[in-house]
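All of the numbers you see were taken from the coordinates with simple rules; none came from a lab. What you are looking at is a predicted structure, and each value in this text was computed from that prediction instead of being measured. Here Cβ is always computed from backbone atoms with ideal geometry, including for glycine, and neighbour counts include all displayed protein chains.
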Amino acid sequence: MSGTTAAPPAEDIIKRILRRETHAARTVPAIIAAVLGILFCLYVLLESVLQSLGQEEWLIDPPTFAHWLAGLPRDVDPVYLGLAGSLIFLAGLWFFLMAVLPGRRARYAIPNPRAAVVVEAEVLAASLARRSRLTAGVSSGQVLVTVGRTRVEVRIRPTSGIPVDADAVRAAVEDELALTGLDPQPAVHIQVSTMGAIGQ
């Protein structure tokens, strides 16, 4: 049995893993687009074969459909035409956005030389809320933390009669973020409510 430890995974492998875990896959939109394309091509093939064999069309033969399509919007109810156009536009917009948007998940990569470390946004927010609560001296129900890609929002509802040092809370949250090693570090914004909580 060898006493050597396993070598850490290569840097490019870690980057690929982090990319896969922090970005949504395009598998579902790609499968939907492929299935729709295949079904359309099979239908056109079926109608073409039926026409070439002299059989009656299944739904509508391609030349008739092409002639009808070229004649739009003649003899078509504008309501149906508008509805069909809207549905086609929304479907196209959805596929377009799936293609061009980064598709980031609410996850963050924590730098680590030996492994790919990914943390959920909820876990990070809970950690920052705990640090904020301890620094401000309030209960857990008086702190709300929202973690975004470039911004961390900390909302504090102080106990009535006990002021909260917003600068101290900001420094504590920034220190907690520095421990995670996130790059880039999100900006921290503290919002202290003017309405205090009674009996907390």
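Observations on the model:
- Placing dummy labels 7 Å off each Cα toward the beta-carbon, the span from residue 91 to residue 153 is 3.6 nm.
- Grouping the Cα pair distances of the range 123-188 into 10 Å bins from zero gives a pair-distance distribution of 23, 57, 18, 2 percent in increasing distance order.
- Restricting the range 45-105 to chymotrypsin sites (Phe, Trp or Tyr not before Pro) that sit in a DSSP loop and have at most 12 other Cβ atoms within 10 Å of their own Cβ leaves 58.
- Extending 7 Å from the Cα toward the beta-carbon at both residue 187 and residue 160 defines two label points whose distance is 3.5 nm.
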